[in-house]
Amino acid sequence: MRDLISIRMRASFKNAHISGAERICKKEKVSQIINELLKRPKFYDFISIKTEEVKELEFIKMPSIRSFDFKSVEEARAFAKVLLEKAGIKMDIANDVIELISKGAAFGKNMRGAMLIDIDTGQRLEEDKEKGIRTIKVDWEDRDLAKQMLLSSGYKITDRALDALALVSKNIRCGVIAEVCWSDDVDYTTGYVVVNKTYYRINPMKNFGDPFGGRAYFIKAENLENIVDCLRNKAFLVRLKE
Ligand code: COA
Ligand code: AMP
């Protein structure tokens, strides 16, 4: 595929990040997509939209999806830890990572990207513990169709969940073995764990009003360089069927 552009939007208010989104589209749709992205944040005092040519692109599949609801955050997090443990992560490492996210993994604040965790030792591998690593250059081949398909399969899929699914699909392809996440948005309590190429939506990973959230990618330490390169530089479109 030629003439594809990655469009990345981020908006902030009083210097705090409030919204981000990415699309990969054909050149002729750039202005339409920019207009759509301009409308995405509900309010802001700063917005940046940048475009970058995509030179090489691969198609990938999305993981299977399962949803679980719990009565309490404690039960939900316990379930998340069991999933991580079943994927070979020691319980104390899973515990520490979830604890870190819940207290702000950037020295008591939310990170701007994900933690990279050595799956064997639990050591943090990201160079900058406030920035972390951000997955970029990924989108759906046909976003509307993906939303329609997931809705008709009974998933209450939001734009946010659709973004997360695309991001997770790329992470798996780049070599991330397992992942845990919940939003730092005070109104959004659903989080997820990804293990064995399955995306487990889990609610509630935190209580309403809780400002802490974050992401952790579990990886093999020896693959660090390749994984970081893939997450930042390689472009992917998630395709529903191969
Ligand atoms: N959280 C907090 N701050 C962010 C941010 C985020 N998600 N994304 C960007 N920023 C801020 C940071 O201050 C960053 O500086 P830094 O590089 O020192 O951290 C600054 O904006 C510049 O970011 P930029 O380099 O322009 O962003 P990017 O090219 O890496 O693109 C986004 C990142 C905006 C596309 C990405 O964060 C995003 O929102 N992706 C789409 C939505 C998504 O998948 N979200 C997660 C799943 S729900
Ligand atoms: P969000 O789901 O957007 O609220 O993001 C939750 C957390 O994930 C944030 O606090 C960041 O630490 C991290 N994060 C946000 N965007 C990305 C990204 N593109 N890649 C990796 N981590 C991210």
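The values are calculated or read from the model by the stated rules, or taken from the named source; none is laboratory data. Not measured: the values here are computed from a predicted model. Backbone-built Cβ (ideal geometry, glycine too); neighbour counts: all protein chains shown. Only protein heavy atoms, including side chains, enter the accessible area calculation; ligands, DNA and RNA are left aside. Shrake-Rupley method; radii C 1.70, N 1.55, O 1.52, S 1.80 Å.
Some observations on this one:
- Judged by the mean number of other Cβ atoms found within 10 Å, the most tightly packed of the peptides 125-137, 45-57 leads the ranking 125-137, 45-57.
- Considering only 216, 102, 63, and ranking their Cα positions along the charge dipole of the chain that arises from unit charges at the beta-carbon of Lys, Arg, Asp and Glu, the one farthest toward the positive end is 63.
- Burial ranking of peptide ranges 199-205, 74-80, 143-149 (average Cβ count within 10 Å, highest at the top): 199-205, 74-80, 143-149
- Across region 98-242, the fraction of Cα-Cα pairs farther apart than 25 Å, rounded to a whole number, is 26%.
- Each of the peptides 164-171, 18-25 was scored by the mean count of other Cβ atoms within 10 Å over its residues; in descending order, highest first, they stand as 164-171, 18-25.
- The H on the amide N of residue 65, modeled in the peptide plane, is under 5 Å from the matching H of 199, each at least 5 residues off or on a different chain.
- Average Cα contact separation per residue, the chain, under 8 Å, 6 or more apart, as relative contact order %: 25 percent
- Eigen-decomposition of the gyration tensor built on the alpha-carbon atoms of region 81-144 gives equivalent ellipsoid semi-axes of 23, 18, 11 angstrom, largest listed first.
- Rg ratio (alpha-carbon, reference 2.2 N^0.38 Å) - region 46-182: 1.16
- Angle in degrees between helix 91-103 and the longest Cα principal axis of the chain, rounded to the nearest 10: 60 degrees
- Phi-based couplings in Hz for region 220-237 (Karplus 6.51, -1.76, 1.60; Gly and Pro marked x): 7, 4, 5, 9, 3, 4, 5, 5, 4, 4, 5, 4, 8, 10, 8, 9, 9, 10
- Amide H contacts under 5 Å for residue 126, placed H, 5+ residues apart: 116
- Taking only protein heavy atoms and a 1.4 Å probe, the accessible area of region 4-55 is 50% carbon and sulfur.
- Counting every C-alpha pair in the chain, the share spaced more than 27 angstrom apart comes to 33%.
- Rounded to the nearest 5, the antiparallel percentage of DSSP beta bridges internal to the chain is 70%.
- Using a Gaussian network model of the chain in which every pair of alpha carbons under 10 angstrom is joined by a spring, one finds that among 183, 153, 72 the greatest mean-square fluctuation is at 153.
- Only DSSP H runs of four or more residues enter the estimate; each adds -39500 (n - 2.57), and after division by the residues of the chain the mean residue ellipticity at 222 nm equals -9000 deg cm²/dmol.
- Region 4-55 - convex hull of alpha carbons, volume per residue in Å³: 60 Å³
- Net length available on complete extension from residue 208 to residue 220 is 0.9 nm, with 0.36 nm assigned per residue and the Cα-Cα distance removed.
- Partners for residue 131 among aspartates and glutamates (Cα-Cα distance below 15 Å; same-chain residues under 8 apart left out): 184
- No Cys partner within the rule (Cβ under 4.7 Å), the chain: 25, 181
- Of 109/129; 14/42; 170/241; 55/220; 81/197, pairs whose Cα-Cα distance is over 20 Å: 55/220
- When only the Cβ of Lys, Arg, Asp and Glu is charged (+1, +1, -1, -1), the dipole of region 59-238 relative to its Cα centre reaches about 320 debye.
- Computed magnitude of the charge dipole of region 4-55 (debye, nearest 20; Cβ of K, R +1, Cβ of D, E -1): 80 debye
- Shown is the FRET efficiency for residue 79 and residue 127, computed with R0 = 45 Å from the Cβ-Cβ distance and rounded to the nearest 0.05: 0.90.
- C-alpha center-to-center spacing [region 1-44, region 133-201] in angstrom: 18 Å
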